[in-house]
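All remarks here apply to the structure that follows.
The values are calculated or read from the model by the stated rules, or taken from the named source; none is laboratory data. The shown structure was predicted, so the numbers you read here are calculated from the model rather than taken from an experiment. Don't worry about glycine lacking a Cβ; one is built from the backbone with ideal geometry, like all the others, and counts go over all protein chains shown. We work out accessible area using only protein heavy atoms, side chains counted, and drop any ligands, DNA or RNA first. Shrake-Rupley method; radii C 1.70, N 1.55, O 1.52, S 1.80 Å.
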Amino acid sequence: MYEKQIEQLIILQQVDDEILILRDEIEKAPLELADLEAQMREFDERRVQIDERMEILKDQKKKLGVEIEEDAGKIKKSKNKLMLVGNTKEYHAMMREMDSLEKLNRMREEEQIAVKEEVVRQQDATAALNEEMSGVQEQYDALKTTLDERLAEANKKLESLDRKRKKACKVVPPPILGRYEFIRERMENPVIVPVTSGVCHGCHIMIPPQAYNDLQKGKQILSCPNCQRLIYWKREDEGEE
Ligand SMILES: [Zn+2]
């Protein structure tokens, strides 16, 4: 009876360890996905910024083109009229006006070149962004597929462990089971540990001789007086776990 209970407690311990690992895996798996999702959102924001910038550049290019054409028309008209001007004063005034219009257009042409260069830069940024995005998207798709599989498998395993756990719980008397759960909630693993040569494997401290004697009799399930873990006696020649 006693040995059977100890055996089932050890099984319970193993099952609970596996459950803990699985739960941890199930909990953490979606976090990787969320991380990639956050990266993709950031890409989208960057894309919106580039699109906005490109829109502004397009307007700027259009406006410069229109202005250059308008002033070029004015210059052409003045040149034609220049032949008909009679007095010198009027002639110089027209020349000055044409000069300033030409200067203005040269500045606009320089601005046009700058705009074109900026467009190329934004296009390069878009290409780089696209490449980065497709890489992350691939990673995301692959992870999502394996994640669904991994989760389904983990959940299936969890179910079978639950069944194994219930079976073990039927053998262990409720007060012992209560003690097991109590320790499990409050202490670091493991809950049930062997004692060899009088030393508890949970806290590595020698248990008192009287308690050790009782333990060796194997009549009832005892706790380590130091760490409170459930203990069982293990002969030395059985070796470590
Ligand atoms: Zn102990």
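Listed values, structure above:
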quantity: J(HN,Hα) series, the range 42-52, from Karplus relation 6.51 cos²θ - 1.76 cosθ + 1.60, nearest Hz, glycine and proline x; calculated: 4, 4, 4, 4, 5, 5, 4, 4, 5, 4, 4
quantity: Cα centroid of the range 189-241 to Cα centroid of the range 21-84, whole Å; calculated: 72 Å
quantity: Local net charge near residue 229, Cβ-Cβ under 11 Å (Lys/Arg +1, Asp/Glu -1); calculated: +2
quantity: Mean ellipticity per residue at 222 nm, deg cm²/dmol - from DSSP H runs of n ≥ 4 across the chain, formula -39500 (n - 2.57); calculated: -29000 deg cm²/dmol
quantity: Solvent-accessible area, 1.4 Å probe, carbon plus sulfur percent, for the range 175-236; calculated: 54 percent
quantity: Förster-model FRET efficiency, 30 Å R0, residue 189 and residue 151, C-beta, rounded to 0.05; calculated: 0.80
quantity: FRET E, pair residue 80, residue 106, Förster distance 22 Å, beta-carbon r, rounded to 0.05; calculated: 0.55
quantity: Apportionment of accessible area to carbon and sulfur, the range 27-158, percent (1.4 Å); calculated: 53 percent
quantity: Extended-chain gain in nm, criterion 0.36 nm per residue less alpha-carbon gap, residue 14 and residue 122; calculated: 33.1 nm
quantity: The chain, accessible area per residue, ligands and nucleic acids excluded (1.4 Å, Å²); calculated: 69 Å²
quantity: Cysteines, the chain, no other Cys beta-carbon under 4.7 Å; calculated: 169
quantity: Candidate aspartates and glutamates - alpha carbon under 13 Å from residue 61, same-chain residues fewer than 8 apart omitted; calculated: 69, 109, 110, 111, 117, 118
quantity: Point-to-point label distance, residue 114-residue 54, nm (Cα→Cβ direction, 7 Å offset); calculated: 2.3 nm
